[in-house]
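Any read-out appearing in this document is the output of simple, stated calculations on the displayed coordinates, not a laboratory observation. The shown structure was predicted, so the numbers you read here are calculated from the model rather than taken from an experiment. Counting neighbours? That spans all protein chains shown, and the Cβs are built from the backbone with ideal geometry, glycine included.
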Amino acid sequence: MKKQIPLALNILKFKNYNFNYFTCEEAVFFEYLIVKGQSFKFKEFFHSTETISSETGIKKHSLSSIIKKFIDKKYISIEVKGMPKVKYFTVHYPDIINDLENIYRLEENGKPLYDFRKLLYDYFQPLAEKYKEKNINKNNNINNKENNNSSLDIGEEVKLLPSFNNFLFDLKSTYKLMPSQLKFADFDFFNLCKNYDFEIVKKYLEKYFEENRQAKLQNFFKSDKLASDKNSFIENSIKEEQLFIKSFKDSFQKTYEERIEMYNDDKNNKRAKSHTTLAFTPRVIEKIPEAIKEYGEIGVKHAFIAYTDSVLNNNEKPQKFLPYFFANPDGYFGVIAEYLDKFNMNYGHKKN
C-alpha cells in the first residue's frame, strides 16, 4: 500500500524558483494559476479575491499587488463583467514560457541545469500550444502555423544546447564579446531550432556579430511581426543574399558575353562562339559566398575573366564550365586561385 504524505509542496522543486524575481507568495500564486488555467481547459475562469485568498493562503492586500504584477508581466489578463461584477482571469501561457528563464533558476554553481530546462520545456510548451489552439478556434478557426510544431521532438532542441553554448564560447573569443552580450532564453533558442536547421542558426548568428560587435544575442531571436515562426535577422539576410546572388550572376553573364564578343571579333579565330546562358546550379550558388569570402568579389570576377578566356581559346577544357571554376576540393578554390594569379600577371588596362 502506497504511503500517504500530507505535505502539499515539493520543496525540491520549489527551490528551483528564482526568489530574486519571485517572492514565495508569488511562486504559490503562479502555480495556482497554471493549474487553474488547465482545469478550466485554457478558457477564462472567474474567481473572487476571497476565493483565491482562501485557497492559497495569500492575504488580500498582498494578492492585489501580486495580481497587478502578473498583469504587468502579461502572465494574465482580467476582465470584469456580469451582475454582480466578477473578475474573469485568462492565463497567457505563451507569455509565461517566454519568461521562464527569469522565473526559475536554470543554472547551479555556474553550470546549466539541462535536465531541469528540458523538464520545464516539456511541461510548459504543450500548455502554450494548447492555449494557442483554443484561441485560434475562438477566433474563427484561423490556422496558425505555430500549432503544427506541437508534435516536434523537443528533446532534440534541448540536446543542441551544449553545442550551442560551445559555439557561443567560440564567438566570444573570435569577436571579443562580453558575457552580458550572450545572455539568452533557452526557449527562444528551442523555438528557433524548430524552424531553422542548427547549422543555419550558427551561420547567421556569426554574421550577426560580424556586422555588429556590440550586438546582444537576445535581439537576434526577434521574430517577424507578421510571422512569428520567421526570424527577422535570418529572413532579411536571406533576402539580401538572394539579391546579391542575382546581381552577381548578372555580372558573370555580362562578363561572359563580353569575352565571347572579344573572341568573335578576333580575326585569327576561324570559328565563332555562340552566346548562351551560364548554368548556375544550386551547388554553384552555394559556393559563391565562400569564394568571395576567400578572394573578394573583385578577385573572383577577375579570375573568371582569365578563366573564360582560357576556355574560349581551348587552353582549358573543363567538363562543366562553372562547377569546375568553383571547385573547392582542396579548401582554397584552386582554379580561382590559379586564374586570379594569371589575371594579375597577364592582364592590364590602358593608361589615361
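In this structure, the pairs whose alpha-carbon distance is over 23 Å, taken from Lys207/Lys254; Lys270/Lys317; Lys74/Lys134; Lys118/Lys202; Lys111/Lys183, are Lys207/Lys254. Between Ser223, Ser274, Ser65, the Gaussian network model of the chain with springs among Cα atoms under 10 angstrom shows the greatest mean-square fluctuation at Ser274.
FRET efficiency for the pair Ile238 and Glu55, taken as 1/(1 + (r/R0)^6) with r the Cβ-Cβ distance and R0 = 56 Å, rounds to 0.65.
Note the direction-averaged projected area, equal to a quarter of the hull surface, for the Cα convex hull of the range 151-275, in nm². Could the numbers behind the result be given before it?
On the way: hull surface 49.5 nm².
For the range 151-275, the mean projected area of the Cα convex hull comes to 12.4 nm².
For the range 245-346, the convex hull drawn through the C-alpha positions has a volume of 102 cubic angstrom per residue. Using only the Cα atoms of the range 11-149, build the gyration tensor, take square roots of its eigenvalues as a ≥ b ≥ c, and label the shape rounded, prolate or oblate: rounded if a/c is under 1.5, else prolate if a/b is larger than b/c, else oblate. Oblate, since a/c reaches 1.5 and b/c is not below a/b. Whole Å is fine, so just give me how far the alpha carbon centre of the range 6-35 lies from that of the range 243-271. What the calculation gives is 71 Å, centre to centre.
Only Lys, Arg, Asp and Glu carry charge here, each on its Cβ (+1 for the first two, -1 for the last two); on that basis the range 151-235 has a dipole of about 420 debye about its Cα centre.
Residues whose amide H falls under 5 Å from that of Phe46, counting only those 5 or more places apart or on a different chain, are Phe89, with hydrogens built in the peptide plane.
The fraction of all Cα pairs in the chain landing in successive 20 Å bins from 0 to the largest distance is 22, 39, 23, 13, 3, 0, given as whole percents. Near Tyr104, the amide H atoms lying under 5 Å from its own belong to Asn18; only residues 5 or more places off or on other chains count, and H is placed 1.01 Å from N. Can you figure out the FRET efficiency of Thr277 with Asp229, using R₀ = 35 Å and their beta-carbon distance, to the nearest 0.05? Computed FRET efficiency for Thr277 and Asp229 comes out at 0.45. Karplus-based coupling profile of the range 221-230, in residue order and whole Hz: 7, 4, 9, 5, 5, 8, 9, 5, 8, 10, with θ = phi - 60° in 6.51 cos²θ - 1.76 cosθ + 1.60 and x standing for Gly or Pro. With neighbours defined as other Cβ atoms within 10 Å of a residue's Cβ, the residues Val201, Val335 order from fewest to most as Val335, Val201. Per-residue packing, averaged as other Cβ atoms within 10 Å, sorts the ranges 109-118, 308-317 into the order 308-317, 109-118, beginning with the highest. Considering only Phe326, Thr276, Ile292, and ranking their Cα positions along the charge dipole of the range 220-352 that arises from unit charges at the beta-carbon of Lys, Arg, Asp and Glu, the one farthest toward the positive end is Thr276. For the range 269-275, 3J(HN,Hα) computed residue by residue from phi via the Karplus equation (6.51, -1.76, 1.60; θ = phi - 60°) reads 8, 6, 10, 7, 8, 7, 6 Hz, glycine and proline entered as x.
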